[in-house]
Amino acid sequence: MIGRVPRRGVAAYAGVVALVAAVPVVFPVSPYTHNLLTFAFLMIAGSLAWNWMGGFVGQVSFGHATMFGIGGFVAARLILSGALPAPLAWIAAGLVAGVVALGAHPMLRLRGPYFSIATIGVGEASRVIFTYWEGFTGGSSGLSLPIDPILKYQLYWWGLGLAGLVGGASWLLRRSTLGLQLLAIKADVEAAADVGVSATFYQDLIFCLSGAVVGLTGGLYASYFAYIEPSDLFGFDRSIGFVLMAVIGGLGTVFGPILGAVVFVLLRQNLLASYPELYLGLYGGLLIVIILFEPLGLTGLGLRLARRVRRAREGRRS
Amino acid sequence: MSLLAVRGLSKSFGGLRALDRVDLVLAEREILGVIGPNGAGKTTLFSLIAGSLEPTAGEVHLGERPLHRMPAHRIVRAGVVRTHQIVRPFPNLTVLENATVAALHAGGRASGPAPVRAAEVLEFVGLADRADRMPGTLTLAGRKRLELARALAVAPRVLLLDEVIAGLGPTEAQALALLIRRIRDERGASIIMIEHVMPAVMSLSDRVIVLDHGKQIAEGTPAEVVRDAQVLAAYLGPGGAP
C-alpha cells in the first residue's frame, strides 16, 4: 500500500452507501424507481470493473458482454436446475466468467486499438456461438427464470452491496502498489518491463478479476430481469455500454464510472422509451465530444469547475 | 570470476547485422565503457542483455545463470537493469511512484517496504525534494536522475547506462559523472556505460570496448583505446589517424 487508508474517507464512503441503502425504507419510492436504481447499481459495478482494465491498465475492451452473458446464463442455469440458491449461483457465475476471461491471454499481447479490435471480434463471435448453443442458452428464445417478487425487491440491496464493494475495491486498487504497476503498464509497457513489471501477468490478472465481477453482475442481471436472451446479454450494445459509462464518468478515475453509469442508465431509460433508434447515435456523439473536450469525462468537468470556483473565491478575497 | 559474461552475442534485422559476435566480461564492481560511432550497435547490445530484444545468436550469463531468452522483467529481477538514452519516466505517476514501481522488483536483494526504499534512492540521486512532483515538471537533468533512480530502485547487480550524461550542460554532466562513481563505490553495482561524452568515459571507466558496425574493434584501458589506430579510423574515417 502507498500510505494508509484514511479512516474518515472509509467512514464517509460507508455512510453514503448506508444512506442509499436506507432510501427505499425511508422514502416510499415507486417500484419503477426502485427497479431503475437496482439496474443502476448493477451497471455501476460492471463499469467500475471494466475500468480496471480499460482505465487503469489502458486496455479498452469492447468485448466485456461475453463475460456478462456467460455470468447471466451460468447463474440462470444454476437457479433453474435448483442446484444453488440465487446468491451462490451469482458467485459461481462470477467464477466461471473469471476463468473464461483468462482465455483473453493471447489477445493481451496486443495493445491499444489492436487489442480493442480483437475484443470486438471475440465479443461478436461469442454472441453468435451462444445464440446457436440452444442447449445452454435456449437460443434466440432465451431463458425464463421463475418470477420471484421478493428476490427482485431485495436485489436493490444485493446490487448496492456489490456496487459498494467494487467501488471500495477500485479505490484500494488505485492506491495499492498493484495499481501503480497497472498505471506503469498503461504509460509505457516496455519501460515497465525494464523495471521488472510483467505486463503479461498483471494484464491476465486484471482481465480475470474484471471479467469475474462483470460475470457476477450478469448473474444478478439474470435474476433482475428474469428473462434473458443471448442477443441481449452478449450484444454489442452491452459491451459498448461498459465503455461508455466509464468514458462518460472519467476513464481511469476511481469513482468516475459510478457517475457515468448513473447518467447512462437515466439517458438510456428515457431515450430508449421515446427514441429507440436515436440513442446509439447520441452515445456515439457523446463519446466523441467527451474524448475531444474532456478526456476525464464528468470527473474532469467537476475538477475543472472546482478549480474555477476556487480561483473566483481567491480573486474576490484579494 | 566475472559477474556478467557475454559470448558471441549477435542480432540481425533482416539482412542487417546490428551486432556481430560480441564478447565481453564485466567484473564485480567494474565500470566498463562502451563507445563507438552512431549506429555501431551499442544500444542494441543493451537491448539484448536486458531482454528487450531476443538475440539471433549468443549467450549472456549473470554468474552461472543464463539470461538470454529470459523476458525483460525476469532479467530485472535477476539483477540486471538498463536505463534509456531517451528517458522514459511514467508521466502519469509521481517521481516517488516511478521509483516505487521499480523498487517492487528488487527480488531478494533488498528488504523493507518498496516506497521507503524508493525514497532512499531518490535521496541518493538528489531528487528527494521533488518526490511528489510529476516527471513532466522536471528538467532534463532531473529526468535523467529519475531514470537512474528507477534503475537503482531494483538494487541492481549490473547497471546498463545508456548515455546518461549526453545532452547535459557541463555542471550537470560533472555532477552525474560523480553520481555514477558513487553508485559503484557506495551501492556496489557493476556498470556498463554507453557514452559519447569522452572526458566522462575516460575518467570513469576501468576498461573501454569500442564497437563499430556491430563489431568489437578494440578493448583496453581508456588510454590504450584512444591510441588505437582502428578506433581513430572508425571515428575519423580511414587515413584520419595522424
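Listing for the model above:
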| read-out | value |
| --- | --- |
| Candidates B:ARG65, B:ARG82, B:ARG187, ranked by Gaussian network fluctuation over chain B, Cα under 10 Å, top entry | B:ARG65 |
| D_trans [Stokes-Einstein, Kirkwood Rh over alpha-carbon pairs] for the protein assembly as shown, 4 °C, 1.567 mPa s, µm² s⁻¹ | 49 |
| Spin-label pair A:VAL25/A:VAL128, simplified geometry with 7 Å Cα→Cβ offset, distance in nm | 5.1 |
| Helical mean residue ellipticity (222 nm; -39500 (n - 2.57) per DSSP H run of 4+; nearest 500) of chain A | -25000 deg cm²/dmol |
| Cα coordinate range in segment A:26-91, projected on the principal axes (Å, largest first) | 40, 36, 15 |
| Rh (Kirkwood; distinct C-alpha pairs) - chain A, Å | 20.3 |
| Viscosity 0.890 mPa s, 25 °C: Kirkwood-radius Stokes-Einstein D of segment B:9-81 over Cα pairs, µm²/s | 191 |
| If the convex hull is drawn through the Cα atoms of segment A:1-129, its volume per residue in Å³ | 170 |
| GNM flexibility winner over chain A from A:THR200, A:THR299, A:THR131 (Cα, springs under 10 Å) | A:THR200 |
| Per residue, the convex hull volume that the Cα atoms of segment A:179-231 enclose (Å³) | 96 |
| Over segment A:132-274, volume per residue of the alpha carbon convex hull, in Å³ | 139 |
| Local electrostatic count, B:LEU67, Cβ distance below 9 Å [Lys/Arg +1, Asp/Glu -1] | +2 |
| Cβ-based net charge around A:GLY142, under 11 Å, with every Lys or Arg adding one and every Asp or Glu removing one | -3 |
| Rg over Rh [alpha-carbon atoms, Kirkwood Rh] for segment B:30-116 | 1.00 |
| Summed residue charge, Cβ within 15 Å of A:GLY168's Cβ, Lys/Arg positive, Asp/Glu negative | +4 |
| Cut-off of 10 Å, at most 14 other beta carbons, DSSP loop: longest stretch of chain B lacking such GluC sites (Glu not before Pro) | B:65-242 |
| Highest-fluctuation residue, A:GLY139, A:GLY215, A:GLY82 considered, GNM on chain A with Cα pairs under 10 Å | A:GLY82 |
| Dimensions in Å of chain B - Rg and Dmax from alpha carbons | 17.6, 58 |
| Cα-based helix-to-principal-axis angle, B:170-187 vs chain B, degrees rounded to 10 | 80 |
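Read-outs: derived from the displayed coordinates by stated rules, not from any lab. Given the structure is predicted, the values throughout are model-derived calculations rather than measurements. Counting neighbours? That spans all protein chains shown, and the Cβs are built from the backbone with ideal geometry, glycine included.
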